[in-house]
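The values are calculated or read from the model by the stated rules, or taken from the named source; none is laboratory data. Since the structure is predicted, the reported quantities are computational estimates derived from the model, not experimental observations. So basically every Cβ, Gly included, is an ideal-geometry build from the backbone, and we count neighbours across all protein chains shown. Quick note on the areas: whole protein, heavy atoms, side chains included, nothing else; ligands and nucleic acids left out. Shrake-Rupley method; radii C 1.70, N 1.55, O 1.52, S 1.80 Å.
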Number of protein chains: 2
Amino acid sequence: MNEELTRINPQETRAWAKLKNLSEGEKPFDLTTPDALSPERIRAMKSSAVGFDFLYATHQITDEVLAILQQLANETHAVDQYVMMMSGEKMNRIEGYESENRQVLHTASRNVFEYLSCDYDDKQADAVQKAQSQLERLKEFLDELDSGKIKNAQGETFTDMIQVGIGGSSLGPKAVYLGLQGYRQGGHRVHFISNVDSDDAVQVLREVNLARTLVTVVSKSGTTLETLTNERLIADRFVQAGLDVKKHFISVTGEGSPMDDPKKYLRSFYMYDYIGGRYSATSMVGGVSLGFGLGYDNFVEILRGAREMDLNALKRDIRENIALLTALIGIWNRNFLDYETLAILPYSQALVRFVAHLQQLDMESNGKRINRQGDVVEYDTGPIVWGEPGTDGQHAFYQLIHQSNTIIPVEFIGFRQSQYGGHFEFKGSTSQEKLLANLLAQSIALATGKNDCNPNKVFPGNRPSSILIAEKLTPFTMGALLSYYENKVAFQGFIWNINSFDQEGVQLGKLLANQFIDHFRAKSVDANYSGAGTDPVGWAMMKSAGL
Amino acid sequence: MNEELTRINPQETRAWAKLKNLSEGEKPFDLTTPDALSPERIRAMKSSAVGFDFLYATHQITDEVLAILQQLANETHAVDQYVMMMSGEKMNRIEGYESENRQVLHTASRNVFEYLSCDYDDKQADAVQKAQSQLERLKEFLDELDSGKIKNAQGETFTDMIQVGIGGSSLGPKAVYLGLQGYRQGGHRVHFISNVDSDDAVQVLREVNLARTLVTVVSKSGTTLETLTNERLIADRFVQAGLDVKKHFISVTGEGSPMDDPKKYLRSFYMYDYIGGRYSATSMVGGVSLGFGLGYDNFVEILRGAREMDLNALKRDIRENIALLTALIGIWNRNFLDYETLAILPYSQALVRFVAHLQQLDMESNGKRINRQGDVVEYDTGPIVWGEPGTDGQHAFYQLIHQSNTIIPVEFIGFRQSQYGGHFEFKGSTSQEKLLANLLAQSIALATGKNDCNPNKVFPGNRPSSILIAEKLTPFTMGALLSYYENKVAFQGFIWNINSFDQEGVQLGKLLANQFIDHFRAKSVDANYSGAGTDPVGWAMMKSAGL
């Protein structure tokens, strides 16, 4: 492992200094200047890969900025670091301190289409073989469900699956499942229970016939409190209904965890510590429920799309590597133009929960303040990511994006065709044309703005955005889109010299929550209990909240 | 109307200057100082109203800051302006320019519990009477559905309702409906179709039996493109199924609009131009679907909660007026501590879409850059609002909130009891206790942080938050919560001297979208059509997007 490559602080590169000069010295490229947004510029600032076109003429960049961003990628060895990650180096670590110190091999979960070639360092070989083997076990299991070899006690097939998991064990698979409703197989339905709030579980349980429902419990450690609580709550309902939990429950967990237990589960699939939760949708964490809901072949298409996009991330020319290009433009917006948030706005109702997945992917990965040597960084890192589908968002929060003084860079996502192909024409245009017309219009409106004698009708413009567009949201496209964002986030982390693969920031809350749980537990057995002595602040908070 | 009160720029008040000094001169109150967060402080910084407790000890404020915030409210006549709004003055206007120039009377939609007393200026009287009359018509209609007086062609009752509307005609009602699933009546289900993306409609139509489905189309003007497109798409399906549209479709629209037509609709309810879309959940925009789904009495309870919270907004002491207090703390965070976003994090799965509603409510209202005299403001206005329910969010984006260098103020929302009362105990505590333990823990963790020898385990702390907690998410509580945020947003707008009730920022996108729709229409009839001559930029964008 070439450790030098994981020690480069971006602000020490020549490119960083040049970008600083460019952004401070003169005004960055102004999209409202007459003819700034020309047809030539629009045609030139376009990159294409894996069926996606990426249009970025409406960012506040010039060819000069792009050239220096390329230099930044080169000086920080962004692609080399990506290759290190993909080939199994321990990229999840903080040098000189206790850290997870792990490989980062979510890319192996979709590197399943060929025997390993000699191009790859063999440190990923084990992960690839395990992915292939889990995938074979999944196929076998799904075949047994289809053929009726596995049935419920009444000899019926299963119609529903509930996935119980939180964070990465829920957001990615749920976003993909909702994103591909047009590809559901066999009338199967998948439901997700994540929140420790029992209302979440009760609500889902109202909607299914337990006798024909499988439950997939996902926890790498087998100890996630929310997930175990919900598993137990659901298992109780099965028992009350006279059903045998072991014939309905599946686990996706680490090999050897408390949940890797054939006495308790119909089947166990494995997840590995070299795949972080937020990067796990293409592993068995997504595989079991997506395979059940969309069919095995569609899950494999998701993997194929993700794999193709991973291969695109190996290209060194930023105009050919669309994840790296969007990562670099994001860095220009965050570190040089000082934009604090990023709105991701899919013009596709199917992607209704995709941004919730991206929130975790991006903010948990890059919401960091120390670099990989443990020093506090002197530059901003990951943006706040948020968004909702268009055109709905237009009728909600676009007012602020267009007319407030706060600038919000936007990543639009669109598809030329709808998923269901409901070609409904009204007033001479189809729904899909109206949808796309709005997408294109927003990008131009944000860029150019509009003057008016009425100050309330003035649009200042010069607000950056890009458009990522593909033909149709298919399983392949969905997989590629997942990978595109995973790779974007990883590239930004490599360039910022931060560890995008741990999440120490979630620990303190867990610790303090356990203190409060102890108070609740003690209170329930002793009405005179007081926590004021051992935990005066927490106890005062509890009492103030009427608890 | 005392117009002077709508001309006060906040930065010209004495309070503003004092707050500026306090925030710049010395470091604002630091929650990480030993004993800063004391039990005494926690007990003192609590306000209660309408069944809610508001805990704000974990904000970076002192009694001195609070006193000056009170002064700011007084100098800007925040409560007087609220009274002006409630009593029917034209608060939706920009002085000296063409503007909507309307009353703002969403509060009238829940001022239905008594005959108007003399306390109120009679400018709201008409709106109150109309609200009462629409409510009576709603009751009559729902009674006719219940009694079977209105049935489908087969003589069956209706089981499902689809609400077709976008923006305020969808987000608020949907958030409330999903928030109160434990209160559904008669097995009725409500669905929402908003997006012009036909996948949205097709997906919903797969899930209902059209013969037993009512469709409520909501558009004030009767001309909203997305809504009309979806209405037509759905109507086509009814016709294809041999059903009579007129026996299934209801409209909620402006009196005299193209949709106010007894020849086309089973029933029409009215909405009025003095109620903006994002403030309309307590009008017939929410009434029809919430009345159908939750029952008339529960809808009235929503109104009762909202009304009670409106009355709380009349109090002049900021420690008694919780919407005003949270508005002022928001101004401290936005204008003096320079925090650009606001995370609203409900520890309640039922509120899963509530933040999407608040995004519109807040960002469309206060995402403005000119004041009510048409001058560009020199201070920041509405924050970017975002969030997802906890504990799910903890496993997603909390990493960034705890450990990045970007500070995000948080408003936590919680309830002492779950809605379904699923008192599930596991490891000595219930699900609800675990949920609340996490809520309390996050607030303290964000405030106090934690030191550690391992820099990756350091939590800088001093991150502001508050907790709003009530007993249970009931229809009454839900109504109060709606009103609380509506009033918070209105107070901030009054203090910022901006018009929180228009949305000119959505117009340019509509205009440009129509240009693109024209291109699509022309293209579909003439394969050789080119828009390059009349619209070179737009046409280049279309071609670059492969369209």
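Brief remarks on what is shown
- Every residue from segment A:358-387 that is surrounded by fewer than 24 Cβ atoms within 10 Å (Cβ to Cβ) and in a loop (DSSP other than H, G, I, E, B): A:ARG369, A:GLN373, A:GLY374, A:ASP375, A:VAL377, A:GLU378, A:TYR379, A:ASP380
Yes/no per residue for (1) facing another protein chain (nearest Cβ under 8 Å); (2) of a type in the set (Lys, Arg):
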| residue | (1), (2) |
| --- | --- |
| A:ARG189 | no, yes |
| A:SER198 | yes, no |
| A:ARG212 | no, yes |
| A:SER219 | no, no |
| A:THR223 | no, no |
| A:THR229 | yes, no |
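- Odd one out for A:LEU468 among (1) within 11 Å of chain B (Cβ to nearest Cβ); (2) assigned to a strand (DSSP E or B); (3) closer than 30 Å to A:PHE113 by Cα; (4) touching a Leu at 6+ places or on another chain (Cβ under 7 Å): (4)
- For segment B:503-547, the tally of residues that are open to solvent by less than 70 Å² (accessible area, probe 1.4 Å) and either touching a Leu at 6+ places or on another chain (Cβ under 7 Å) or facing chain A (nearest Cβ under 7 Å) (or both) stands at 21.
- B:THR326 meets each of the listed conditions (1) outside any loop (DSSP other than H, G, I, E, B); (2) among the hydroxyl-bearing types (Ser, Thr, Tyr); (3) closer than 27 Å to B:ALA437 by Cβ; (4) within 9 Å of chain A (Cβ to nearest Cβ) apart from (4).
- Boolean, B:ILE467 is closer than 30 Å to B:SER404 by Cα, buried (at least 23 other Cβ atoms within 10 Å of the Cβ) and in contact with a Ser or Thr (Cβ under 9 Å, 6 or more places away or on another chain): yes
- Flag: A:ASP35 matches the condition of being at positive phi and more than 25 Å from the chain's Cα centre (by Cα).
- Meets criteria (touching a Gly at 6+ places or on another chain (Cβ under 7 Å) and over 27 Å from A:GLU100 (Cβ atoms)) for A:LEU294: no
- Lone qualifier among A:ILE162, A:ILE150, A:ILE61 - being over 30 Å from B:CYS453 (Cβ atoms), open to solvent by 10 Å² or more (accessible area, probe 1.4 Å) and touching a residue at least 24 places away in the same chain (Cβ under 8 Å): A:ILE150
- Among the residues examined, A:GLU378 qualifies as on the phi < 0 side of the Ramachandran plot, touching a residue at least 60 places away in the same chain (Cβ under 8 Å) and of a type in the set (Asp, Glu).
- With respect to the conditions (1) away from chain B (no Cβ under 14 Å); (2) in a helix (DSSP H, G or I); (3) under 25 Å from the mean Cα position of the chain (by Cα); (4) at pLDDT 95 or above, A:GLN129 lacks only one, and its number is (4).
- Selection over segment A:172-187 of residues that are in contact (Cβ under 8 Å) with a residue 40 or more places away in the chain, open to solvent by 30 Å² or more (accessible area, probe 1.4 Å) and not hydroxyl-bearing (Ser, Thr, Tyr) gives a count of 6.
- Matching option when the condition is open to solvent by 10 Å² or more (accessible area, probe 1.4 Å) and touching a residue at least 24 places away in the same chain (Cβ under 8 Å), among B:PHE494, B:PHE476: B:PHE476
- If you go through segment B:1-57 and pick out every residue that is among the aromatic types (Phe, Trp, Tyr) and in a loop (DSSP other than H, G, I, E, B), you end up with 2.
- Among the conditions (1) over 30 Å from A:LYS472 (Cα atoms); (2) open to solvent by less than 40 Å² (accessible area, probe 1.4 Å); (3) of a type in the set (D, E, K, R), the only one that A:LYS123 does not satisfy is (2).
- Any hit, segment B:431-443, residues being open to solvent by 10 Å² or more (accessible area, probe 1.4 Å), charged (D, E, K, R) and more than 20 Å from A:LEU233 (Cβ to Cβ): no
- Of all the numbered requirements in (1) touching a residue at least 60 places away in the same chain (Cβ under 8 Å); (2) within 11 Å of chain A (Cβ to nearest Cβ); (3) crowded, with 24+ Cβ neighbours inside 10 Å, B:PRO460 misses one, and that requirement is (3).
- The set of residues in segment B:401-456 being within 7 Å of chain A (Cβ to nearest Cβ) and farther than 23 Å from B:VAL352 by Cβ consists of B:GLN403, B:SER404, B:ASN405, B:THR406, B:GLY428, B:SER429, B:ILE444, B:ALA445, B:LYS450, B:ASN454, B:PRO455, B:ASN456.
- Scanning segment B:353-364 for residues being within 8 Å of chain A (Cβ to nearest Cβ) and in contact (Cβ under 8 Å) with a residue 24 or more places away in the chain gives a total of 4.
- Being open to solvent by 20 Å² or more (accessible area, probe 1.4 Å) and within 14 Å of chain B (Cβ to nearest Cβ) is a description that applies to A:TYR339.
- Applying the criterion of being of a type in the set (Val, Ile, Thr) and either under 27 Å from the mean Cα position of the chain (by Cα) or within 14 Å of chain A (Cβ to nearest Cβ) (or both) to the residues of segment B:231-258, the residue that is nearest to B:MET161 (Cα to Cα) is B:ILE250.
- Filter result for the condition that a residue is modelled with pLDDT of 95 or more and either open to solvent by 10 Å² or more (accessible area, probe 1.4 Å) or hydroxyl-bearing (Ser, Thr, Tyr) (or both), over B:GLU486, B:GLU411: B:GLU411
- Within segment B:388-406, the set of residues being part of a loop (DSSP other than H, G, I, E, B), open to solvent by 10 Å² or more (accessible area, probe 1.4 Å) and among the polar types (S, T, N, Q) comprises B:ASN405, B:THR406.
The rows are residues; the columns are (1) touching an Asp or Glu at 6+ places or on another chain (Cβ under 7 Å); (2) open to solvent by 60 Å² or more (accessible area, probe 1.4 Å); (3) of a type in the set (Gly, Ala, Ser).
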| residue | (1), (2), (3) |
| --- | --- |
| A:GLU4 | no, yes, no |
| A:ASN9 | no, no, no |
| A:LYS18 | no, yes, no |
| A:GLU24 | no, yes, no |
| A:PHE29 | no, no, no |
| A:PRO34 | no, yes, no |
| A:SER38 | no, no, yes |
| A:ARG41 | no, no, no |
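- Residue count for segment B:414-430, restricted to those that are more than 27 Å from B:TRP386 (Cβ to Cβ), open to solvent by less than 30 Å² (accessible area, probe 1.4 Å) and outside any loop (DSSP other than H, G, I, E, B): 3
- Sub-6 Å Cβ pairs linking a first residue in segment B:510-534 that is closer than 16 Å to A:GLU425 by Cβ to a second residue that is in a loop (DSSP other than H, G, I, E, B) and modelled with pLDDT under 95, at least 6 apart or interchain, are B:ARG521/A:GLY428, ordered by first then second residue.
- If the condition is being without any contact (Cβ under 8 Å) to a residue 12 or more places away in the chain and either buried (at least 21 other Cβ atoms within 10 Å of the Cβ) or part of a loop (DSSP other than H, G, I, E, B) (or both), then segment B:64-102 contributes B:GLU98, B:ASN101.
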